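I have placed the structure first, in the form of structure tokens, so that the comments after it can refer back to it.
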Amino acid sequence: MLRRLLIQDYILIERAEFEPGRGFCVFTGETGAGKSMVLGALAVLIGEKFPSDPVRPGAKKAIIEGEFDFAGAGEMRSLLGASEVEATGETVLLRREVASGGRARCFVNDQPVAMEILQGIGEHLVDLHGQHEQQALMKRARHLDFFDAYADTLALRSEVAYLYREHARLRADFERLQRLQEERRRDEGLLRFQLTEIERLGLREGEEEELEAEIRRLEGAERLADATHRAWEALSDGDSAAAVHLRRAREALTGAKEIDSELDAMAREIEAAEVQVRELGKLARDRHLSVKYDPERLETLRERRSALAVLKRKYGLASGELLHRAEQWRQALSDTDSLEADIERTEREVQTAAAALRAKALELSEKRREKKESFEAEVEKQLSELGLGNASFEIGWDTIDSEGANDISVKGVDKVEFYFSANPGRQVKPLVEVASGGEASRIMLALKRVFADNLEPMTLVFDEIDIGISGRMAERVGEALRSLARRHQVLAITHLPQIASRAANHFTVLKRASERKTVTEVRQLSPKERVQELALLLGGTKVTPKIVSTAEELLKRGQEVYR
């Protein structure tokens, strides 16, 4: 129920704040005064778009704020919790603001929220009827909701919705596993080749560091052995060794010493050098022979290092990362083998869920069909009481004929649409295509009366409810609205005194103009003021004492139910 509505700096409304009260509340006023502007502000509050230029000239921003009582609406607390909005007591405060520059914001209980959250909460609080774009009735997708409210199948439909979501979840899991299996099958050959390539190398954790250390040691031994061997050869081993040349020099000088005695001394010095060179050669030989050098081992290690380097370059990974990647591939291949079992298990779960969903959806469909004829008859009865006695109302029904569950929606296997004709002998056509604004409002009123007791209490707003009716029919519409207001709060715009007289609370919407500005005001009427307002509705600009007396009698008769 709407406890309080505040409209500030919105179009022509400088500030209007009022409490419509429980039950039936009407708004009257001259054409163009702004009655639809007031209820339009309520539509904006629950998520409709702001109109163009919504901010009153000279103001910085427009504010629309509504305080609602949701006592008895059990879904609302759950909805607030799901939206992460803090709930205090059994009231909720909605607010929308729009700056003169066009930036708009939404609030729920003073918390900024997304538009989708505000709309989701708003549709549980207020149901607007008037212009087609505001009518749930003019949306084909909502017809099944109206019918289920009458057929008392909403609880069963909730079970279908749960099974639908469960089936959808399992089906999504099954399809995900299938895609994963296809991906892995495409990659399996490559993975096995890459894994074999790494496993064939037989790489161990930390082996690269050990390999480099041993290669450095063996390469050092190689250089030492090579150096001492070349020194040994140069000094004393072979025909070109230094010791051999020294011996030849000594022998040449010794052979010629008889010619020159000084050559003998030179030969002896060369002999001493020869002995020293041969000693150095022996030392070089002994050091060469003492070096522990394994050229075959070094070559094997170098080949292994080269093979490891090829794999590192190929995969762009360090040796330790190669081992980790190989383990990942090994696990992926193992998962591929076990994935088949997961797919088979999930497929069985999908089939079980599909069977449960289809069975429950068919049960729901059967219960719905049991109520079809009585619903049509009851709606036509209510329409007759509301001035549409020649109207025909039927339900177009389509049931999905499928063995599986993939075509079942969250609402089951049924698709319904309301068909309507206002005139006798005319074929019924889709209601959304043929119903006028006034007819649509009265059809909605008829529907609400048919299943009012099955709906959680909310605020119902009717505009254009009195188009095309007068006199006794207006009294019937007024009684229907008052009857509906026993469970719901009903707000209506009317030009008919027969309807206005039956409201528990009466507000007038006035437009006041001055040289500087034009503003729209909303004011609650006292009993005496209500008589004057009803007299204006009865007689127009010429209000006579007789018309005032008629207005007094009309209000008295209309208020008897409240005494």
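The values are calculated or read from the model by the stated rules, or taken from the named source; none is laboratory data. The structure presented is a predicted model; accordingly, all values stated were derived computationally and were not measured. Note that we place each Cβ from the backbone using ideal geometry, even for glycine, and neighbour counts take in every protein chain shown.
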ask   = Can you spot a residue in the stretch 133-144 that is closer than 30 Å to R305 by Cα and of a type outside the set (V, I, T)?
value = no
inquiry  = Take the conditions farther than 30 Å from V477 by Cβ, at pLDDT below 95, surrounded by 14 or more Cβ atoms within 10 Å (Cβ to Cβ) and not hydrophobic (A, V, I, L, M, F, W, C) and apply them to R56. Does it pass?
reply    = yes
ask   = Could we say that I343 is β-branched (V, I, T) and over 30 Å from N406 (Cα atoms) here?
value = no
ask   = How many residues are in contact (Cβ under 8 Å) with a residue 60 or more places away in the chain and exposed (fewer than 15 other Cβ atoms within 10 Å of the Cβ) if we restrict to the stretch 344-355?
value = 0
key: Matching option when the condition is modelled with pLDDT of 85 or more, of a type in the set (S, T, N, Q), closer than 30 Å to A326 by Cβ and in a helix (DSSP H, G or I), among Q194, Q178   = Q178
query = Tally time: how many residues in the stretch 423-454 are surrounded by fewer than 18 Cβ atoms within 10 Å (Cβ to Cβ), part of a loop (DSSP other than H, G, I, E, B) and either at positive phi or not charged (D, E, K, R) (or both)?
reply = 6
remark   = Of the candidates E199, E205, E188, the one satisfying the condition of being in a helix (DSSP H, G or I), in contact (Cβ under 8 Å) with a residue 24 or more places away in the chain, farther than 29 Å from V38 by Cα and touching a Leu at 6+ places or on another chain (Cβ under 9 Å) is E188
query = Got a number for residues in the stretch 283-298 being surrounded by 14 or more Cβ atoms within 10 Å (Cβ to Cβ) and assigned to a helix (DSSP H, G or I)?
reply = 6
query = Quick check: is even one residue across the stretch 14-34 surrounded by 16 or more Cβ atoms within 10 Å (Cβ to Cβ) and over 29 Å from R482 (Cα atoms)?
reply = yes
ask   = Quick check: is even one residue across the stretch 306-313 touching a residue at least 60 places away in the same chain (Cβ under 8 Å) and not hydrophobic (A, V, I, L, M, F, W, C)?
value = no
query = Condition test on H129, is it out of contact with any His (no Cβ under 6 Å at 6 or more places or on another chain), surrounded by 15 or more Cβ atoms within 10 Å (Cβ to Cβ), over 25 Å from A82 (Cα atoms) and at pLDDT below 90?
reply = yes
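Quick grid of which residues meet (1) part of a helix (DSSP H, G or I); (2) within 37 Å of the chain's Cα centre (by Cα); (3) within 30 Å of D173 (Cα to Cα):
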residue: T300; (1), (2), (3): yes, no, no
residue: L308; (1), (2), (3): yes, no, no
residue: L311; (1), (2), (3): yes, no, no
residue: K314; (1), (2), (3): yes, no, no
residue: L322; (1), (2), (3): yes, no, no
residue: A326; (1), (2), (3): yes, no, yes
residue: Q331; (1), (2), (3): yes, yes, yes
residue: L339; (1), (2), (3): yes, yes, yes
residue: E344; (1), (2), (3): yes, yes, yes
key: Subset of the stretch 491-536 (residues that are of a type in the set (V, I, T) and in contact with a Phe, Trp or Tyr (Cβ under 8 Å, 6 or more places away or on another chain))   = I493, T494, T508, V509, V522
ask   = Between a first residue in the stretch 24-39 that is more than 11 Å from L510 (Cα to Cα) and a second residue that is in a helix (DSSP H, G or I) and of a type outside the set (V, I, T), which pairs have beta carbons less than 6 Å apart while being 6 or more apart in sequence or on different chains?
value = F24/L481; F24/R482; V26/A500
